[in-house]
Structure formats: C-alpha cells, structure tokens
Amino acid sequence: MSVVNTKAIVLSSLKYGDTSLIVKCFTEKEGLKTYLIRGILKPKKKGIKAAYFQSLNQLQIIANHNLKSTLNSLKEVHILNPYKTIHLDIVKQSVVLFLAEILSNCIQEEEQNLKLYAYLENALIWLDLHESIANFHLLFLLNLTSFLGFYPDLSDSNSIGFHLLEGNLTNDVVNKNVISGNEFYQFKKLLGIKFDAIENVSFSKKERQLVLKIIIQYFKLHLGNFRNPKSLQVLETIFS
C-alpha cells in the first residue's frame, strides 16, 4: 500500500450497493485508478461528498494505492479548479458526459502521462470559461489522438483524401477507409488548430454530425476495444 497525493480527473462514478460508489479517475501521478468509497451515499455522511465525483471534475486527492488489488481507497478529496459554468449549463453538461464516456473508453493505462493530464486539465478549464463551444468536442477528440498516438500525419499536404486506418493524407480515394470530397473538406477544417481558433470554424448541424461520425470511426480503427458512446444521441440532440 502506498499513500499518494495527486491531482485527478473523474472519468466515471458508479453506485455500488446502497451507500457506496466505485469511481474511476485519471490521476496525474499514476494514470488510471479505481476507488471504492464506502458509505458515501449515507444521509448526513460527513467528509468526502458524492458531489465531488461528477463527470470530469478536477480533484486533489490523497489516496491509498493498493499494490495487490485494482480497488483503492481515498483519504482526502478537495475540488481543484472548481467549474463556474459547466454544472449550470445543460449543453456543457452534455458535452462533459459525452467526453467522460469517451475518455473512460480509451484511457486504460495505469501509468503516468503528464502531457495527457495537462491537456485534459487545460481543455476543461477552457470549456468552462468560454461560450462558443458547439465545436469544442470535435477539436477535443481530434487533438486527443496526438496523446493516444494516432494524430493525423499531414506531411503530404496536396493529397485529396485522408486514410483513416493509416492516419495519413492520400490520393487513393477508392479505398473504403479513405474519406474524400466534402467529408475530407469538413474534417480538414479542424486539423492543426487550437481551441482559441474554434470560433472561426463554421459547421452546419449536418456537417458537425458528419465530422463527429468520422472522428468516432477514426477512434474505432485505432483503438481495438473502442465502443460507440451511448451519450452520442444526447449530444446530437443538444446541437440540433
């Protein structure tokens, strides 16, 4: 058993029994960790509160990390970077639930990844502080691929298509994994930009759905166990 003081981002929280929670967090120091928090749902429970474990909340935790089991325990929890708008805004809440589901799906490593942690932390603070967020989830997912190891290779810039499986630009537009024409044109709008440039990218409702579909297909081709997010429909309704 080791005691660890680390920042952590909540990926999911699941009721266990009548009064407990099982919470999955991506921690800054040790990657993915799962915590069993006993009795947290009891009425008048003092100390650690269930509200701390809302999707993608940023926490500072002191935890007992168990070397022999995958279930760990928490000693202390504090909210870090408290959100001003995310929990009050139905659109942002839907985006956060969707992204939390995707992150739970694709972060599996129990090892430190400081660059990925910093990316998530900064992106979520950006989301909290900005109003024009209709395309945020698209850029968030596309830029996430650089930390997962399959960001699009853009070196062959004159090509007319993008090979989703190979992850590079191509002229071989008859291949079933290649997008070209309007699909490629819409997808390309997001390549190489930062969040502050997102307001300058315009998508119609239909184009936004198209690009999201392409990005999810891209994830599926590169992450063997990636599943279609259940919250996808909610997101599409919110932005329609």
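The values are calculated or read from the model by the stated rules, or taken from the named source; none is laboratory data. Since the model is a prediction, treat every value here as computed from it, not as a measurement. Neighbour counts run over all protein chains shown; Cβ positions are idealised from the backbone, glycine included. Ligands, DNA and RNA are stripped out before the accessible areas are found, and what is left, the full protein with its side chains, is counted by its heavy atoms. Shrake-Rupley method; radii C 1.70, N 1.55, O 1.52, S 1.80 Å.
Within the range 117-173, being within 12 Å of the chain's Cα centre (by Cα), of a type outside the set (A, V, I, L, M) and over 28 Å from Ile90 (Cβ atoms) holds for one residue alone: Phe147. Here Phe147 qualifies as surrounded by 14 or more Cβ atoms within 10 Å (Cβ to Cβ) and out of contact with any strand residue (DSSP E or B) (no Cβ under 8 Å at 6 or more places or on another chain). In the range 154-190, the qualifying residues are those that are touching a strand residue (DSSP E or B) at 6+ places or on another chain (Cβ under 8 Å) and among the small types (Gly, Ala, Ser), and the one that is surrounded by the fewest Cβ atoms within 10 Å (Cβ to Cβ) is Ser157. Residues in the range 138-145 include none that are out of contact with any helix residue (DSSP H, G or I) (no Cβ under 8 Å at 6 or more places or on another chain), within 27 Å of Asn225 (Cα to Cα), modelled with pLDDT of 95 or more and not acidic (Asp, Glu). One residue stands out in the range 191-206 among those that are farther than 20 Å from Leu148 by Cβ and open to solvent by 50 Å² or more (accessible area, probe 1.4 Å): the one that is nearest to the chain's Cα centre (by Cα), namely Asp196. Just one of the listed residues (Lys44, Lys92, Lys24) is out of contact with any His (no Cβ under 7 Å at 6 or more places or on another chain) and loosely packed, with under 15 Cβ neighbours inside 10 Å, namely Lys44. Does the range 52-67 hold any residues that are open to solvent by 60 Å² or more (accessible area, probe 1.4 Å) and of a type in the set (A, V, I, L, M, F, W, C), and which are they? The answer is Leu67, and nothing else. Taking the numbered list (1) open to solvent by 50 Å² or more (accessible area, probe 1.4 Å); (2) more than 18 Å from Ile133 (Cα to Cα); (3) outside any loop (DSSP other than H, G, I, E, B) in turn, Val234 passes all entries but (2).
If you go through the range 187-234 and keep only what is modelled with pLDDT of 90 or more and of a type in the set (Asp, Glu), you end up with Asp196, Glu207.
Quick check on Leu141: is it under 28 Å from Glu30 (Cβ atoms), open to solvent by less than 10 Å² (accessible area, probe 1.4 Å) and in contact with a strand residue (DSSP E or B) (Cβ under 9 Å, 6 or more places away or on another chain)? Criteria not met by Leu141.
Within the range 3-21, the residues that satisfy the criterion of being of a type in the set (Gly, Ala, Ser), open to solvent by 30 Å² or more (accessible area, probe 1.4 Å) and at pLDDT 95 or above are Ser12, Ser13. Of all residue pairs spaced 6 or more apart or on separate chains, those with beta-carbon atoms under 8 Å, a first member in the range 71-95 that is over 20 Å from Phe26 (Cα atoms) and among the hydrophobic types (A, V, I, L, M, F, W, C) and a second member that is open to solvent by less than 70 Å² (accessible area, probe 1.4 Å) and assigned to a loop (DSSP other than H, G, I, E, B) are Val91/Ile133; Val91/Phe239.
Residues that are out of contact with any helix residue (DSSP H, G or I) (no Cβ under 7 Å at 6 or more places or on another chain) and not in a loop (DSSP other than H, G, I, E, B) were ranked within the range 189-204; the one that is nearest to Leu154 (Cα to Cα) is Ala197. Restricting the first member to the range 224-240 and to residues that are of a type in the set (Gly, Ala, Ser), and the second to residues that are surrounded by 10 or more Cβ atoms within 10 Å (Cβ to Cβ) and at pLDDT 85 or above, the beta-carbon pairs closer than 8 Å and six or more apart or on different chains are Ser231/Ser94; Ser231/Leu97; Ser231/Phe98; Ser231/Glu101; Ser240/Lys205.
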